[in-house]
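Below is one structure; the comments refer to it alone.
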């Protein structure tokens, strides 16, 4: 069997879902399980209505909900026609009525909890998966809707729940496997799960990719297909540099580094279950299904190019901790990282000397509080509007002079931090956000003006 995940732009409207049905039909002989995201932009809309309700603005919350209701009904009606739409209409109507009731409840109580946010933000996948199932059935595909909350079991860390794999795998075997054995196509919503007690959770933004990998690993899939609106992973963001190349094949390790450091095609956690089970992941384009896309495998063929790709992660803050009064103090680094752990703030890069530590974190509202706690240990300063530029490739290993080549391409750019060695396949450094387009363009010209045709298209 295979897992096919379709992102928000692949199911954004009736025409897109019709394309998806055709793609799935071509894969029926491979026994697909289909995972779908919410319709494009719906999750943002759901979070906006939750926020409006939380601030007491009932009119705004209901207005946004009514707009989402109208869009889903219009999409379903166009897909299903006058004969089939009445069969799904009452269920969708009841779902949206329940959503409105929940929003009114939030306004009445005057409190928006993480648990309620998860319930609201996961609504899009619950609706889109029902519509996609009905659309498949009308088009001659024996599809069955599966509520992901019955299969994907998580802890109660609302907003970024952690899957409980043993229980999840057992439920996939009980609920999804029999459908495949009866030649049906299970259709599930991504991004969502539930605690063992049945309380709705979400896996974090972009978590539909993670859902696909969880299902694929749990059911020993032959491969996991991530269908999006681009032809695969590129040598860099085409918005930053127009002369990009498609990467035909890339290793799990390289792809994971790129995903974490800003490549938007994949959710960073997506690859973990696939890596553990050695399941290939394909990145494909639902608008151009004949394109071969990018294949991610445990090992990739050697490339004549030094790097596979360049990624840039913006909205970074650099935090400098200077510890002259705690020079050589035992446990100083531990104390610093405990502060970040207490604020649940992950650290991307670290650079140390005898008296100072520099770190990078995603810019967020916790920075001031983190700095205040760090100030109890040492002198602290921080600066935002920075970006991490990351060059990834397995050829970095044992290649002398590669760092000189990188920085020789951008001699006039102010570099705030450099990291090499933590990963043998990654050279990362921090620049001002405004410098990113120029830096990426110059590096791409330096390292990708000629490409290995076996690895790049």
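What follows is calculated from the coordinates using simple rules that are stated; it is not laboratory data. Note that the structure is a prediction, hence the values are computed from the model and not measured. Cβ atoms come from the backbone with ideal geometry, glycine included; neighbour counts cover every protein chain shown.
Some notes on this structure:
- Tilt relative to the chain, helix 58-109 - C-alpha long axis, 0 to 90 degrees, to 10: 60
- Once the C-beta distance of residue 272 and residue 177 is scaled by a Förster radius of 30 Å, the resulting FRET efficiency is 0.85 to the nearest 0.05.
- Once divided by 2.2 N^0.38 Å, the Cα radius of gyration of the range 309-448 becomes 1.12.
- Taking label points 7 Å from Cα along the Cα-to-Cβ direction, residue 162 and residue 442 give a separation of 4.2 nm.
- Shape of the range 2-229, Cα gyration tensor, a/c cut at 1.5: oblate
- For the pair residue 415 and residue 298, the difference between a 0.36 nm per residue extended length and the Cα-Cα distance amounts to 38.8 nm.
- Exposure proxy for 58, 334, 313, 308: other Cβ atoms within 10 Å of each Cβ, ordered fewest to most, give 334, 58, 313, 308.
- Extension reserve of the residue 74-residue 343 stretch, reckoned as 0.36 nm per residue once the Cα distance is removed: 92.6 nm
- Reduced Cα scattering model of the range 139-277, Debye log10 I(q)/I(0), q = 0.13, 0.17, 0.20 Å⁻¹: -0.62, -0.96, -1.19
- Compared with the dominant principal axis of the Cα atoms in the chain, helix 42-54 is inclined by about 90°.
- Gained length - residue 405 relative to residue 104, 0.36 nm times residue gap less alpha-carbon distance: 102.4 nm
- Rounded to the nearest 10 degrees, the inclination of helix 332-342 to the longest alpha-carbon principal axis of the chain is 20 degrees.
- Ranked by how many other Cβ atoms sit within 10 Å of their own Cβ, fewest first, the residues 172, 203 fall in the order 172, 203.
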